[in-house]
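Chemist: Here's a structure for you.
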Amino acid sequence: MSQLFRHLPSVDAVLSALSGDKDMESLPRPLQRDLVNGFLDLCREEIKSGVITEESALGMDVLLPRITAYIRVQARPHFRRVLNATGVVVHTNMGRSLLAKEAVDAVVEACAHYSNLEFDLATGERGSRYSHVEKILCDITGAEAALVVNNNASAVFIMLETLAKGREVVVSRGQLVEIGGSFRIPDVMAKSGATLREVGATNRTHVKDYEGAINENTGALMRVHTSNFRLIGFTKEVTLPEMRDLGDRHDLPVLEDLGSGSLFRFDGMGLINEPTVQEVVAQGADVVSFSGDKVLGGPQAGIIVGRKKWIDMIKKNPINRAMRIDKMTLAALEATLRLYLDMDEAREKVPTLNMITMPYKTLRARAGRLAKVLRTELGEAVEVGVRKGVSRVGGGAFPEQDIATALVTVVPRDLHVQELKQRLLDTEPPLVARIEDDAFCLDPRTLDPKEYRLAADAIRQALTLQI
């Protein structure tokens, strides 16, 4: 064993042998040295465990291909592109919504040049970063004022902390939701300094329940949209107009957390209608919060719209500075919102809307093209088919509704489908899809036609272990 250790090449010898490799040349010298050391440590472990038993296995001609493959894998950025063939449009674990080209271009412009982020071009004095999106948000939603923070959790928190700290907020028991990442409305309310006052039963809440809970310490009435679940059967909830009437009679603000809020009406497209932000504002909510990076299809943001009286109070909260958005988010959000000035244009150009509303006929044609690419590129290594399936919106929206799609099925001839799925997590780029009925299923709803050959190449990498 000691003889084998002595035959290991030095770090400098390996670096010299790799000096002409393009992958190595693009890496900083300290990283190159660390990676070579890591590979040599791996060789030492293989010697100790008996995997390497011959000196010939340690020759540079044998090690060099292994070193190159090791560095290629280890030097990849940790945060990188993934091919989403799951059919889940707003996939929280894969970055939620894709940005429209107009939003991407706006981000690049904001990053590459100085801007009027907080500079008033009319006066030459300091301005407000929120002015870039407030008017367009008001124009689209019908609200009197608007504010944007870094996500909807922040929006809910600052809304409660500003308007109800030290006071009670009345919420229906059936709306005390928990969303992904263990975000719970009662916990956020407690952190904000407001006191939760639950009313009603899990499945039925009446106006009289809210009215019976109102006292001298009541700070607000609140509705929470149950974005990621549904109560069905013997149910009853108080409508927003009823809540508005109650708030007027007791001089209390009515707050609405829409969660994955939408500016676009999906009814008539095979989906049960969700309340839009415009509808909620028109029905009298004083303050409405919702996400920018879910069904809206923009960057991560928490958007707050409503009556100027209440929004101005939230703007003045010192916590607002800790939650403010940066120039890239502002640029992407404004560009996305501008598309919503024409709903037909938004449906066409906002990727999230385009994917959600894509008709089955289009998906069937895309599935046929994807299947053809896979058969051509992979040959006899896999069996490829097309069948009906379902997609999901994701992001907590439309939780109980499936959307018809066409799936491309891939069954390897010499590899278990579960092993294929696992190997595809380590390809470049990784390909993520789902297994149904013992087949690896790719949904063209979330896989762009420009990515079909990339998907085929990823499967080839997985089948041959060239990763």
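Chemist: If I fit a long axis through the Cα atoms of helix 452-464 and take the longest principal axis of the Cα atoms of the chain, what angle between them do I get, 0 to 90°, rounded to 10?
Modeler: 50
Chemist: Along the principal axes of its C-alpha atoms, what lengths does the chain span, in descending order and rounded to whole Å?
Modeler: 88, 54, 45
Chemist: In addition: Going 7 Å from the Cα of Leu117 in the Cα-to-Cβ direction, what parts of the range 320-339 have a backbone nitrogen less than 19 Å from that spot?
Modeler: 320-336
Chemist: According to the square roots a ≥ b ≥ c of the eigenvalues of the Cα gyration tensor, what is the shape class of the range 82-172, taking rounded for a/c under 1.5, prolate for a/b larger than b/c otherwise, and oblate for the remainder?
Modeler: Because a/c hits 1.5 or more and a/b fails to exceed b/c, the range 82-172 counts as oblate.
Chemist: Could you tell me what percent of the accessible area of the chain is made up of carbon and sulfur, with a 1.4 Å probe and every protein chain present?
Modeler: 51
Chemist: Report, by chain and number, residues whose modeled amide H sits under 5 Å from the one on Glu383, excluding near sequence neighbours (fewer than 5 apart, same chain).
Modeler: Long-range HN contacts for Glu383: Val411, Arg413.
Chemist: By how many degrees, 0 to 90 and rounded to 10, does the Cα axis of helix 152-164 deviate from the longest principal axis of the chain?
Modeler: Taking Cα atoms only, the helix is inclined about 30 degrees.
Chemist: Once you list every other residue whose beta carbon is under 13 Å from the beta carbon of Leu4, what net charge do they have if Lys and Arg are +1 and Asp and Glu are -1?
Modeler: Computed value for this residue: -1.
Chemist: If you take the Cα atoms of the range 253-388, find Rg, then find the Kirkwood Rh from the mean of 1/r over all pairs, what is Rg/Rh?
Modeler: With Rg and the Kirkwood Rh in hand, the quotient comes to 1.13.
Chemist: Now, a different point. What residues have an amide H closer than 5 Å to that of Asn150, excluding those fewer than 5 places away on the same chain, when H is modeled at 1.01 Å from N in the peptide plane?
Modeler: Those qualifying (amide H under 5 Å, at least 5 residues apart or on another chain) are Gly302.
Chemist: Residue by residue, what Karplus-based ³J(HN,Hα) values in Hz, rounded to whole numbers, does the range 218-226 have, using 6.51, -1.76 and 1.60 with θ = phi - 60° and x for Gly and Pro?
Modeler: Working through the residues one at a time gives 6, x, 6, 10, 9, 10, 10, 6, 7 Hz.
Chemist: Let me ask you something else. Over the chain, average the accessible area per residue using a 1.4 Å probe and give it in Å², no decimals.
Modeler: Spelled out: the 1.4 Å probe surface of the chain, per residue, equals 48 Å².
Chemist: Can you tell me the order of 71-84, 335-348, 284-297 when each peptide is scored by its average per-residue count of other Cβ atoms within 10 angstrom, highest first?
Modeler: The peptides rank, most packed first, as 284-297, 335-348, 71-84.
Chemist: Mind checking the angle between helix 131-141 and the chain's longest principal axis? C-alpha axes, 0 to 90 degrees, to the nearest 10.
Modeler: 70
Chemist: Let's test the formula: R0 of 45 Å, r as the Cβ-Cβ distance of Arg29 and Lys308. What FRET efficiency results, to the nearest 0.05?
Modeler: 0.20
Chemist: Let's see if you can work this out: charge +1 on each Lys and Arg Cβ, -1 on each Asp and Glu Cβ, no other charges. What is the dipole magnitude of the chain about its Cα centre, in debye to the nearest 20?
Modeler: 180
Chemist: Starting from the coordinates of the alpha-carbon atoms of the range 1-140, obtain the Kirkwood hydrodynamic radius over all distinct pairs and give the value in Å to one decimal.
Modeler: 20.4
Chemist: Using only Cα atoms, what Kirkwood radius does the range 395-467 have, in angstroms?
Modeler: 13.2
Chemist: Using packing as a proxy for protection, rank 381-394, 49-62 so that the peptide with the highest average count of other Cβ atoms within 10 Å comes first.
Modeler: 381-394, 49-62
Chemist: OK, next. What aspartates and glutamates could a cross-link reach from Lys309, if we take a straight Cα to Cα line under 17 Å and drop same-chain neighbours fewer than 8 places away?
Modeler: Once the sequence-local aspartates and glutamates are set aside, what remains near Lys309 is Glu134, Glu144, Glu161, Asp248, Asp251, Glu256, Asp286.
Chemist: How high is the relative contact order of the chain, in percent, with contacts defined as C-alpha pairs under 8 Å that are six or more residues apart?
Modeler: For the chain, the relative contact order is 19 percent.
Chemist: So if each residue of separation counts as 0.36 nm, and I subtract the Cα-Cα distance between Arg80 and Arg204, what length gain in nm does that give?
Modeler: The span from Arg80 to Arg204 would gain 40.1 nm if fully extended.
Chemist: Note down the net charge around Thr276, summing +1 for each Lys or Arg and -1 for each Asp or Glu among other residues with Cβ under 13 Å from its Cβ.
Modeler: Charge balance near Thr276 sits at -3.
Chemist: For Asp457 and Glu45 in the same chain, what is the full-extension length gain: residue separation times 0.36 nm, less their Cα-Cα distance, in nm?
Modeler: Working it through step by step, the gained length comes to 145.1 nm.
Chemist: According to the square roots a ≥ b ≥ c of the eigenvalues of the Cα gyration tensor, what is the shape class of the range 103-152, taking rounded for a/c under 1.5, prolate for a/b larger than b/c otherwise, and oblate for the remainder?
Modeler: It is oblate, given that a/c is not under 1.5 and a/b is not larger than b/c.
Chemist: Also, I was wondering about something else. Mind jotting down the distance between the C-alpha centroids of the range 325-363 and the range 424-445, whole Å?
Modeler: 26
Chemist: Sticking with this structure for a sec: Can you return the lysines within cross-link range of Lys294? Criterion is Cα-Cα under 20 Å, with same-chain partners fewer than 8 residues away left out.
Modeler: Correct list for Lys294: Lys101, Lys327, Lys349.
Chemist: Using only helices, what value at 222 nm comes out for the chain when you add -39,500 (n - 2.57) per DSSP H run of length 4 or more and divide by the total residues, to the nearest 500 deg cm²/dmol?
Modeler: Only helices count here, giving -12000 deg cm²/dmol.
Chemist: Along the charge dipole of the chain, which of Val149, Ala110, Phe440 sits closest to the positive end, that is, farthest toward it, with unit charges on the beta carbon of Lys, Arg, Asp and Glu (+1, +1, -1, -1)?
Modeler: Sorting the options by dipole projection puts first Phe440.
Chemist: I'd like the FRET efficiency for Asp448 and Ala404, computed as 1/(1 + (r/R0)^6) with the beta carbon distance as r and R0 of 25 Å, rounded to 0.05.
Modeler: About 0.80, to the nearest 0.05.
Chemist: Can you compute the modelled spin-label distance between Arg413 and Val108, with each label point 7 Å from Cα toward Cβ, in nm?
Modeler: Using points 7 Å along Cα→Cβ, the separation is 4.3 nm.
The values are calculated or read from the model by the stated rules, or taken from the named source; none is laboratory data. Only a predicted model underlies this, so the values are computations on that prediction, with no experimental measurement involved. Here Cβ is always computed from backbone atoms with ideal geometry, including for glycine, and neighbour counts include all displayed protein chains. The protein model used for the area step is the full one, side chains on, heavy atoms only, and it has no ligands, DNA or RNA in it. Shrake-Rupley method; radii C 1.70, N 1.55, O 1.52, S 1.80 Å.
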